[in-house]
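Asker: One structure, pasted below without further comment.
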Amino acid sequence: MPGMFFSANPKELKETDHSLLDDKTHKKRSKTLLSINEVMQWSQSLEKLLANQIGQDVFGNFLKSEFSEENIEFWLACEDYKKTESDLLHCKAEKIYKAFVHSDAAKQINIDFHTRESTARKIKAPTPTCFDEAQKLIYTLMEKDSYPRFLKSNMYLNLLNELQANSLK
C-alpha cells in the first residue's frame, strides 16, 4: 500500500500551516511509513489513534494548538507509570501528581475536586492503578471533546488529503 514517510518526532512537524509533511522530514534518518489506511483508522476511535505513536504525536500537536496538551501528556504519563517498577512508583507518582493533578500544577488537568482528592490519597501509598480514576476522566474528556474536533480539523484532514493524493500517484 502506498504511503508517506515522516518522522514520529512531534517537534519536526510543521506547526505554522499544519502541514505534517515537508522536505526536511522526508530526509530524516528515523522514518516511519504512514499509510492512508492507518490514518483512516484513527477516525474509528480515540483508542486506535492513541495506540499509534504517530497518531499520538499528531493528536498531541492538535491539542497543543487548542492549548490542552496537558490531557494527552497526563494520559501518556499514566500509561508509562503503569509499567513502572514498584520501587520507583512513589517518586514517579509524586512527579505526575505535582505536574498534572495538584491544584497549583503548571499543567493542571481538568478533573473534579473528589477525583483530585482521591488521587492525592492514593499516591501516599502508590500502586500502578492510583491514577486510573483521573486518567479515565481525561480519556473521556478527550474522547467526547477534543477527538471529534481533531477529526474535523485541518491538521487531520490535510494529512488525510495529502496521503490520498500521494496514493494516487
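The values are calculated or read from the model by the stated rules, or taken from the named source; none is laboratory data. Given the structure is predicted, the values throughout are model-derived calculations rather than measurements. For neighbour counting, all protein chains shown are included, and Cβ atoms are generated from backbone atoms with ideal geometry for every residue, glycine included. Heads up: the accessible areas ignore ligands, DNA and RNA and are worked out on the full protein's heavy atoms, side chains in. Shrake-Rupley method; radii C 1.70, N 1.55, O 1.52, S 1.80 Å.
Asker: Restricting the first residue to the stretch 146-169 and requiring it to be at positive phi, which pairs with a second residue that is assigned to a helix (DSSP H, G or I) and not hydroxyl-bearing (Ser, Thr, Tyr) meet a Cβ separation below 7 Å and a spacing of at least six or different chains?
Answerer: Qualifying pairs under 7 Å: none.
Asker: Now, a different point. Return the residues of the stretch 49-63 that are surrounded by 14 or more Cβ atoms within 10 Å (Cβ to Cβ) and either touching a residue at least 40 places away in the same chain (Cβ under 8 Å) or part of a helix (DSSP H, G or I) (or both); say none if nothing qualifies. Reasoning before the result, please.
Answerer: Taking the stretch 49-63 first, the residues surrounded by 14 or more Cβ atoms within 10 Å (Cβ to Cβ) are 49-50, 52, 54-63.
Residues satisfying the conditions are Leu49, Leu50, Ile54, Gly55, Gln56, Asp57, Val58, Phe59, Gly60, Asn61, Phe62, Leu63.
Asker: Here is a list: Ile96, Ile111. Which entry is closer than 21 Å to Ala134 by Cβ, touching a Phe, Trp or Tyr at 6+ places or on another chain (Cβ under 7 Å) and modelled with pLDDT of 95 or more?
Answerer: Values: Ile111 fails: touching a Phe, Trp or Tyr at 6+ places or on another chain (Cβ under 7 Å).
So the residue among Ile96, Ile111 that is closer than 21 Å to Ala134 by Cβ, touching a Phe, Trp or Tyr at 6+ places or on another chain (Cβ under 7 Å) and modelled with pLDDT of 95 or more is Ile96.
Asker: Still on this model: Would you check if Glu143 is touching a helix residue (DSSP H, G or I) at 6+ places or on another chain (Cβ under 8 Å) and modelled with pLDDT of 95 or more? Give the derivation first.
Answerer: Numbers: touching a helix residue (DSSP H, G or I) at 6+ places or on another chain (Cβ under 8 Å): yes; modelled with pLDDT of 95 or more: yes.
Yes.
Asker: Looking at the stretch 30-44 only, could you name the residues that are more than 13 Å from Ser153 (Cβ to Cβ), open to solvent by 20 Å² or more (accessible area, probe 1.4 Å) and touching a residue at least 24 places away in the same chain (Cβ under 8 Å)?
Answerer: Correct list: Lys31, Thr32, Leu33, Ser35, Asn37, Glu38, Met40.
Asker: I've got another one for you. Please count how many residues of the stretch 80-99 are open to solvent by 60 Å² or more (accessible area, probe 1.4 Å) and in a helix (DSSP H, G or I).
Answerer: The initial filter retains those residues of the stretch 80-99 that are open to solvent by 60 Å² or more (accessible area, probe 1.4 Å), namely 80, 82-83, 85-88, 90-92, 95, 98.
From what is left, the residues that are in a helix (DSSP H, G or I) are 80, 86-88, 90-92, 95, 98.
The qualifying residues number 9.
Asker: Of the residues in the stretch 113-129, how many are open to solvent by less than 70 Å² (accessible area, probe 1.4 Å) and not in a helix (DSSP H, G or I)? Working first, answer last.
Answerer: Quick first cut of the stretch 113-129, residues open to solvent by less than 70 Å² (accessible area, probe 1.4 Å) only: 115-116, 118-120, 123, 126-128.
Then keep just the ones that are not in a helix (DSSP H, G or I); that gives 123, 126-128.
Final tally of qualifying residues: 4.
Asker: If we scan the stretch 130-138, do we find a residue that is under 20 Å from Lys48 (Cβ atoms), open to solvent by 30 Å² or more (accessible area, probe 1.4 Å) and among the hydrophobic types (A, V, I, L, M, F, W, C)?
Answerer: If we filter the stretch 130-138 for residues that are under 20 Å from Lys48 (Cβ atoms), which is where we start, we get 135-136, 138.
Pick out the ones that are also open to solvent by 30 Å² or more (accessible area, probe 1.4 Å) and you get 136.
Checking the rest, the ones that are also among the hydrophobic types (A, V, I, L, M, F, W, C) come to none.
Scanning the stretch 130-138 turns up no residue that is under 20 Å from Lys48 (Cβ atoms), open to solvent by 30 Å² or more (accessible area, probe 1.4 Å) and among the hydrophobic types (A, V, I, L, M, F, W, C).
Asker: Moving on. From Glu73, Glu143, Glu69, which residue is among the charged types (D, E, K, R) and surrounded by fewer than 17 Cβ atoms within 10 Å (Cβ to Cβ)?
Answerer: None of the other options fit; the residue is Glu143.
Asker: Same structure again: Can you confirm whether the stretch 158-165 contains a residue that is within 14 Å of the chain's Cα centre (by Cα) and either surrounded by fewer than 20 Cβ atoms within 10 Å (Cβ to Cβ) or within 30 Å of Met40 (Cβ to Cβ) (or both)? It would help to see each step written out before you state the result.
Answerer: Going through the stretch 158-165, the residues within 14 Å of the chain's Cα centre (by Cα) turn out to be none.
No, the stretch 158-165 contains no residue that is within 14 Å of the chain's Cα centre (by Cα) and either surrounded by fewer than 20 Cβ atoms within 10 Å (Cβ to Cβ) or within 30 Å of Met40 (Cβ to Cβ) (or both).
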